[in-house]
1. Would you calculate the separation in nanometres between label points at residue A:64 and residue B:110, each defined as 7 Å from the Cα along the Cα-to-beta-carbon direction?
2. Please report the spacing between the Cα centers of region B:59-123 and region A:47-107 in Å, no decimals.
3. Set the Förster distance to 45 Å, then compute FRET efficiency between residue A:8 and residue B:206 from the Cβ-Cβ distance, nearest 0.05.
4. Using a Förster distance of 56 angstrom, determine the FRET efficiency expected from the C-beta separation of residue B:63 and residue A:91, and round it to 0.05.
5. Take the Cα atoms of region B:135-209, build their convex hull, and give its volume per residue in Å³.
6. Can you compute the modelled spin-label distance between residue B:185 and residue A:77, with each label point 7 Å from Cα toward Cβ, in nm?
7. Can you give the FRET efficiency to the nearest 0.05 for residue A:84 and residue B:117, using r as the Cβ-Cβ distance and R₀ = 51 Å?
8. Averaged over its residues, how many other protein chain Cβ atoms are within 10 Å of peptide B:109-120's Cβ atoms?
Ligand SMILES: [Cu+2]
């Protein structure tokens, strides 16, 4: 994950809400079930991974980390991520007000510590 | 078991065929692009001039003027982008972002020290991503990337210096009061984060020569 000591709570939220599109994890039980969904996801996974891949986090320089963290904060603050079209099918990925605050607080702290 | 092997085999063949086709296509496109590029180079006299200067440069000792020249195109495109954001001009900003991608790509770091090269490459990689996003986003998102981009350009100027005096300016209200900085050639404040909404938010923090 982001760093070694990421709180379990934050890690779980990010894994549930972001990993399907922003990690190398391709173990989707639902992936092949519905064809239009599969096409949609394939496109979004390849695209999302180019933008941000949590599995490559350790390889990003501090400058790159800072940029990505800033971008993560904006995307969550603006309600743009996780993509709404995804949370339509994956209700559990939707960020509640609580979860959103938990992630934002932690990501902001991490960013300030860089 | 058997069936899935067959399926995999068919899939693999399909993929091979596909990639063979796309390779050919790519080659054609590349050739076209090269032809195109040569043309462009020929009729742009100023580019030739810049290239000549370049090769005459002494490999190990660059003086200040030469170092500043290396970043001048990046800074010029950055300032065009900044001015477009000041004018709330999304299309102008997108165009400037695209141009900036090009000048970042042309930035030749080879004459700098190893340590400087490492940092410059890191800056260029980061700035390129911001420029790409600015080239294809709405103005709110352009401004988000402009904030991080501005940090990259400030750090770049710290290494290369600048041919013209620049002013680092800062408005504490942007980004939910987390603030945003930018560079300008004019001392007078014109805010690229708010544009017309709050044109004069900010103050000069530093003069860079
Ligand atoms: Cu973006």
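Computed from the coordinates by the stated procedures, all read-outs in this text should not be read as laboratory data. Please read all numbers here as calculations on a predicted model, not as lab measurements. Cβ sites come from the backbone with ideal geometry, for glycine too, and all protein chains shown count toward neighbours.
1. 2.4 nm
2. 29 Å
3. Numbers: r = 43 Å, r/R0 = 0.95.
Rounded to the nearest 0.05, the efficiency is 0.55.
4. The pair residue B:63/residue A:91 has a calculated efficiency of 0.35.
5. 95 Å³
6. My value for the distance between the label points is 3.1 nm.
7. Given R0 = 51 Å and the Cβ-Cβ separation, E is 0.75.
8. Values: counts 0, 0, 0, 0, 0, 0, 0, 0, 0, 1, 2, 0.
Mean partner shielding for this stretch: 0.
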